[in-house]
Structure formats: structure tokens, C-alpha cells
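Written below as C-alpha cells is the structure these notes are about.
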């Protein structure tokens with residue numbers, strides 16, 4: 001795990017030790033985006049992995065490669081499932097597949113190897129969850145893997 005003394009403020013709270021039921025956020029300075037176009041990659045992991053993974057992602061959001069392709073990220077602290085946490089990594093426009101792919105490429109560079117799913121914020125606001133029988137994503141990482149995108153593709 002990286003040193004915490006000079007860490008970004010969002011990494012000073014450990015998701016595995018929080019039980020408030022809220023989220024820890026890390027985001028770029030306010031970017032102007034159309035809220036109806038926002039979407040996010042969903043990164044699921046175990047309580048044993050969440051603290052280290054959150055530090056990697058939040059630090060990359062704070063001036064690293066993720067800051068170039070994402071508008072923000074958050075991690076749940078007390079999810080519905082005690083065996084699983086989720087980190088949401090947001091992009092400005094779900095229809096911009098180059099942007100979505102570039103964000104995925106950075107997540108891969110950070111060492112995230114699992115199959116990931118991408119959903120729109122609208123799907124979340126209308127409570128479209130797989131556990132409720134809905135198709136809860138519009139993309140999976142498999143949709144982009146053969147493209148071999150790079151972080152240089154940009155965000156917009």
C-alpha cells in the first residue's frame with residue numbers, strides 16, 4: 001500500500017473500515033458536462049482488496065492518467081453486500097466510445113484485470129440493477145478489449 005502521509009484527502013479514509021453507508025469521492029475540478037450523458041465503469045472487488053485499489057484509483061484521479069480521461073470516481077463504504085465493494089469511475093459522455101475506451105485503458109494500466117461493466121447514470125437513477133432483473137450495463141470491457149485503446153485518446 002502506498003504511503004498515506006501526503007496522500008490525496010480521499011485516500012485517507014479506508015473504505016473497508018467505514019460503515020457510514022455513504023461514498024468517498026475523488027474528482028477533477030468542476031468540469032462542465034451534460035449530466036444526461038454521464039456514465040461509469042463499475043469496478044467490483046473484495047473488502048480485502050478495496051483499500052489498496054482505492055488508493056491507486058484516487059491517486060491516479062489526482063493528477064495521474066485517470067484525471068485525463070475521467071471526471072471523477074467514488075467508492076462505496078458500506079454496500080449492500082458485505083463481500084463486495086464497488087468503485088465507480090465516471091466519464092463525461094457514454095456515447096463517446098473513444099473516451100469510454102480510454103478510461104478502461106487506464107484502469108487496465110492500474111492493474112485491474114477483471115471483466116468490467118459500464119452503465120449510464122440514467123440507468124442508476126432509474127434503479128436499473130441486474131439484481132432486479134434489468135440489463136444494467138451498456139458496455140462490458142470485452143466490447144473494447146480488441147481495440148487496444150490508449151489513455152491518449154482523450155476524454156471529450
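Bear in mind these aren't lab numbers, they're just calculated from the coordinates by the rules spelled out. It should be emphasised that the depicted structure is a prediction, and the values quoted were computed from it without experimental measurement. Cβ atoms come from the backbone with ideal geometry, glycine included; neighbour counts cover every protein chain shown.
Could you order the peptides 105-118, 49-62 from most to least packed, using the average number of other C-beta atoms within 10 Å per residue?
By packing density, highest mean first, the sequence is 49-62, 105-118.
In nm, to one decimal, how far is the modelled label at residue 48 from the one at residue 82, with both set 7 Å along Cα→Cβ?
1.7
Neighbouring Cβ atoms within 10 Å as the yardstick, rank 22, 143 fewest first.
So the ranking, lowest neighbour count to highest, is 22, 143.
With just the Cα atoms of segment 59-119, tell me how far they stretch along each of the three principal axes, in Å, largest first.
Result for segment 59-119: principal-axis Cα extents of 34, 25, 21 Å.
When N counts the residues of segment 32-141, how does its alpha-carbon radius of gyration compare numerically with 2.2 N^0.38 Å, as a ratio?
In units of the 2.2 N^0.38 Å rule of thumb, it is 1.01.
Which whole-number percent is the relative contact order of segment 28-108 (Cα, under 8 Å, 6+ apart)?
It rounds to 40 percent for segment 28-108.
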